[in-house]
Amino acid sequence: MSHDPDQQLSELRNAIDATDNELIEIIARRAKLTAEVGEVKRSLKQPLYVPERERDLIKERRKKAKAAGLSEELIEDVVRRIIRESYRTQTSQAAATSLQLKRPVFVFGGKGALGTRLVSQLEQTGYSVITIDKDDDWPTQNELAQAQLVLMSVPVNKTVELIKQLPPLPTDCVLADVTSIKDAPLKAMLQQHRGPVVGLHPMFGPSVQNLAKQLVVVTHGRNQEQYQWVLNQFINWGAHLHKVDANKHDDAMGWIQAMRHLSTFAYGVHLAREQVDIKELLELSSPIYRMELMMIGRLFAQNAELYADIIAANKSQFSSIRRYLQRFSSIIDDVEAGKKTDFVRLFNEVSEYFGEFSGQFLKESESLVQLADDQRFRHQ
């Protein structure tokens, strides 16, 4: 190596470039191997995502990193990102869990955002799918006679009404819905259909590239042994299933959806009415506030009617939201009056309520903050 500092720097940079190229080749070789794994999994009808395998793999890579004097967190981040990409390449290789692939799947609302995503998953896996949307003629009872699954993926405010319009289905046909409330649709399906019934709530948006690690909530209806193949299909796609009572689900959704979405909506409305310069906010934002702005902007980049329906479907939460507004107003009054002691007391009270979750959330958010910061400079 040259003794000239400028030349040394150039040579070292060239060596780094060569090393990066080797790294790309190694990752490409790994991608080919994971694609082959996908083919073998399909023949064995194994799921895309196996938590135990990933957990053990990460554990071993961290050990290797420590032995090499590298940051365990760095290597875990790199490996997890590579694994996430490998799931994308394996998605189309997921095996079908139904033993009756010749029988069609009917998806009502199959041209909507979520419906389109589910139709794509089903077709990639080998199912024959028939979509019915708002401008299409409904299938007759004769046309539905061979259906193995009827999936309702329609607006939440229309779900119960449309379920009640379904003609009689084959007794072994699975009737399922994927709306964000579960109690009323589940009751309607049980009343309308004598066969297997299950309520599903995919907790992901239509933009996801695959279902690996995505959460799907399951509310039991009737004859689980007959709809188990549907649950197994989501598992094979890599999803994580969480079974819960319909009423408990709807209560939780009041907080997760109605409360959160309405607060985000109101914040966005306030920014717009106050004509705040978003570009300037971004220039001066800390990473965590930038993430908050991202979540607000994310909402307004999506379908207005969808969010209006989701919030309106959770009317039981409205009284709580009004209490939230009263507390918000009371806190502002105290701060404006200089009641710092009351603020600190309330802060500590809520901190005690969160308990160990506070530390957990702080740790988890740190990695998200770093990612947001990286994305910021990526676009500059």
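The values are calculated or read from the model by the stated rules, or taken from the named source; none is laboratory data. Here the structure is a predicted model, which means the values were calculated and not measured. FYI the Cβ positions are ideal-geometry reconstructions off the backbone, even for glycines, and counts take in every protein chain you see.
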Requested in this report: Determine whether residue 184 is within 29 Å of the chain's Cα centre (by Cα), surrounded by 19 or more Cβ atoms within 10 Å (Cβ to Cβ) and of a type in the set (A, V, I, L, M, F, W, C).
Outcome: no
Report summary line: Only unsatisfied item for residue 47, checking (1) free of Cβ contacts under 8 Å to residues at least 40 places away in the same chain; (2) within 30 Å of residue 211 (Cβ to Cβ), is (1)
Report summary line: Within the stretch 225-239, residues being among the hydrophobic types (A, V, I, L, M, F, W, C) and under 15 Å from the mean Cα position of the chain (by Cα) number 4
Query raised in the report: Just wondering, is there one or more residues in the stretch 58-78 that are at pLDDT below 90 and either of a type in the set (Lys, Arg) or part of a loop (DSSP other than H, G, I, E, B) (or both)?
Result: no
Report task. Being at pLDDT below 95 and either hydroxyl-bearing (Ser, Thr, Tyr) or outside any helix (DSSP H, G or I) (or both) is the filter here, so list the residues in the stretch 243-268 that pass it. Result -> 263, 264, 267
Query raised in the report: Only one residue in 211, 271 is outside any loop (DSSP other than H, G, I, E, B) and either out of contact with any His (no Cβ under 6 Å at 6 or more places or on another chain) or surrounded by 15 or more Cβ atoms within 10 Å (Cβ to Cβ) (or both), so which one is that?
Result: 271
Query raised in the report: Would you say residue 300 is over 23 Å from the mean Cα position of the chain (by Cα), modelled with pLDDT under 95, surrounded by 11 or more Cβ atoms within 10 Å (Cβ to Cβ) and under 30 Å from residue 158 (Cβ atoms)?
Result: no
Query raised in the report: Looking only at residues in the stretch 52-83 that are touching a residue at least 12 places away in the same chain (Cβ under 8 Å) and exposed (fewer than 15 other Cβ atoms within 10 Å of the Cβ), which one is nearest to the chain's Cα centre (by Cα)?
Result: 80
**Report entry** Answer from 201, 220, 240 - the residue that is at pLDDT 95 or above and within 28 Å of residue 88 (Cα to Cα)
**Finding:** 201
Query raised in the report: If we scan the stretch 312-319, do we find a residue that is exposed (fewer than 13 other Cβ atoms within 10 Å of the Cβ) and modelled with pLDDT under 80?
Result: no
**Report entry** Hits in the stretch 14-57 - residues which are basic (Lys, Arg), within 26 Å of residue 239 (Cβ to Cβ) and modelled with pLDDT of 90 or more
**Finding:** 30, 32, 53, 55
Query raised in the report: Yes or no: residue 176 surrounded by 21 or more Cβ atoms within 10 Å (Cβ to Cβ) and within 26 Å of residue 51 (Cβ to Cβ)?
Result: yes
Report summary line: Scanning the stretch 277-333 residue by residue, those among the aliphatic types (A, V, I, L, M), free of Cβ contacts under 8 Å to residues at least 12 places away in the same chain and part of a loop (DSSP other than H, G, I, E, B) turn out to be 301
**Report entry** Residues within the stretch 177-196 that are in contact with a Phe, Trp or Tyr (Cβ under 7 Å, 6 or more places away or on another chain) and not in a loop (DSSP other than H, G, I, E, B), tallied
**Finding:** 0
